[in-house]
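Quick notes on the structure that follows.
The values are calculated or read from the model by the stated rules, or taken from the named source; none is laboratory data. From a predicted model like this one, the values you see are computed outputs, not experimental measurements. Heads up, the Cβs are rebuilt from the backbone with ideal geometry, glycines too, and the neighbour counts pull from every protein chain shown. Side chains included, ligands, DNA and RNA excluded: accessible areas come from the protein's heavy atoms. Shrake-Rupley method; radii C 1.70, N 1.55, O 1.52, S 1.80 Å.
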Amino acid sequence: LRGNQKSLVNKGALAVGLLTGGIAYFNYRVKLTKDFLIGHGHHRMDRRATNKTPYKSMWLTWYRMPAEEYEVYHKFMPYFVIGQLDYDKEILIPCKRTIHGQTVRGYDVVNPLYCYDTGVLDFESAALDQANIVDTDRAAIIVNRGWIPEQYKDKSTRPWEKTSRQLVRIPGTFMQAKNIHDYKKANNPNTDEWYNLAPEDLARYWELSNFNELKQFYFQHVALNGEAGLSQYKFPVAPQSDDVIRDYYNWWMHEKWNQLAYYTMGPVSALSLAVFLL
């Protein structure tokens with residue numbers, strides 16, 4: 001090649017080399033980031049679960065907890081809570097799961113769990129009269145018990161779920177909910193249509209007495225290592241630690257595709273730059 005033809009080839013090779021090189025480097029950095037975040041999540045969740053059932057002094061700690069404090073001390077930490085599940089109060093949130101390579105429609109099942117240490121601090125009363133903080137009864141937290149397929153939507157298909165005074169032990173972790181105004185599609189309790197797990201909405205709907213406490217957080221049932229949890233029942237199915245970590249970050253692409261892009265675009269970039277230099 002000579003003259004203008006060689007110049008055009010050189011410019012094209014340089015442009016392709018820089019473009020594919022940039023794409024390869026970007027995907028390489030993204031894969032490293034994902035690997036680190038997933039590894040960090042598993043490093044935490046693989047620890048021994050500790051009791052984090054809310055009690056009076058805990059409400060003071062979790063009330064309007066800064067995001068930085070949650071990130072450092074509580075995100076992906078394995079806990080278990082003990083209390084009474086109210087199966088009569090149930091919310092189903094549409095959620096799809098991939099089972100054996102096929103996408104299956106279903107729902108996440110959400111219920112309130114009443115803690116055995118009844119009574120919480122009423123911060124609304126405290127704001128008016130700090131010397132007289134009022135106790136309220138039936139302290140509760142929002143619990144995402146796991147996933148059920150669409151055919152189990154009707155409660156009659158789950159006869160093993162009956163409200164009682166029996167205490168249950170649920171392993172999992174506390175998850176930070178988004179701001180109630182960040183959800184794209186609002187819940188509609190009038191028509192019993194629920195699209196997102198907003199603890200503030202659920203606390204109002206169920207008329208929980210401790211509305212202001214833990215309304216930014218909910219407890220996610222997780223199949224932790226060595227923890228039976230609610231697995232004696234066929235459904236709901238508790239997610240694995242890896243599923244919880246990936247759902248939290250909500251990546252639109254699996255890291256294997258970032259790796260594929262890196263291994264594909266890298267050689268193309270090297271070849272294009274070699275043509276430019278030659």
Scan the stretch 138-150 and give yes if some residue there is part of a loop (DSSP other than H, G, I, E, B), open to solvent by less than 30 Å² (accessible area, probe 1.4 Å), touching a helix residue (DSSP H, G or I) at 6+ places or on another chain (Cβ under 7 Å) and at pLDDT below 95, otherwise no. no
What do you reckon, is PHE174 touching a His at 6+ places or on another chain (Cβ under 7 Å) and either assigned to a loop (DSSP other than H, G, I, E, B) or closer than 25 Å to SER241 by Cβ (or both)? yes
Looking at the stretch 147-184 only, could you name the residues that are over 18 Å from ASP86 (Cβ atoms), touching a strand residue (DSSP E or B) at 6+ places or on another chain (Cβ under 8 Å) and polar (S, T, N, Q)? THR173, GLN176
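This table checks each residue for (1) touching a Gly at 6+ places or on another chain (Cβ under 8 Å); (2) among the polar types (S, T, N, Q); (3) at negative phi; (4) open to solvent by less than 70 Å² (accessible area, probe 1.4 Å).
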position: GLN220; (1), (2), (3), (4): yes, yes, yes, yes
position: PHE235; (1), (2), (3), (4): yes, no, yes, yes
position: LEU260; (1), (2), (3), (4): no, no, yes, no
position: PRO267; (1), (2), (3), (4): no, no, yes, no
position: LEU273; (1), (2), (3), (4): yes, no, yes, yes
position: LEU278; (1), (2), (3), (4): no, no, yes, no
In the stretch 165-185, the residues that are surrounded by fewer than 10 Cβ atoms within 10 Å (Cβ to Cβ) and more than 20 Å from the chain's Cα centre (by Cα): ARG165, GLN166
Please specify each residue of the stretch 155-164 satisfying the condition of being among the charged types (D, E, K, R), out of contact with any helix residue (DSSP H, G or I) (no Cβ under 9 Å at 6 or more places or on another chain) and surrounded by 12 or more Cβ atoms within 10 Å (Cβ to Cβ). LYS155
Counting only residues that are part of a helix (DSSP H, G or I), open to solvent by 60 Å² or more (accessible area, probe 1.4 Å) and touching a residue at least 60 places away in the same chain (Cβ under 8 Å), the stretch 247-256 contains a total of 1
Unique residue being at positive phi and touching a residue at least 24 places away in the same chain (Cβ under 8 Å) when the list is ARG44, ARG64: ARG64
If we keep just the residues of the stretch 94-137 that are among the small types (Gly, Ala, Ser) and modelled with pLDDT under 85, which is farthest from LYS155 (Cα to Cα)? ALA131
What number of residues within the stretch 96-118 are hydroxyl-bearing (Ser, Thr, Tyr), open to solvent by less than 70 Å² (accessible area, probe 1.4 Å) and more than 16 Å from the chain's Cα centre (by Cα)? 1
State whether one or more residues within the stretch 223-230 are open to solvent by 80 Å² or more (accessible area, probe 1.4 Å) and touching a residue at least 40 places away in the same chain (Cβ under 8 Å). yes
Looking at the stretch 79-104 only, could you name the residues that are in contact with a strand residue (DSSP E or B) (Cβ under 8 Å, 6 or more places away or on another chain) and of a type in the set (Val, Ile, Thr)? VAL81, ILE82, ILE91, ILE93, THR98, THR103, VAL104
Can you work out which of the residues in the stretch 188-203 that are more than 19 Å from TYR248 (Cβ to Cβ) and assigned to a loop (DSSP other than H, G, I, E, B) is most open to solvent (accessible area, probe 1.4 Å)? ASP192
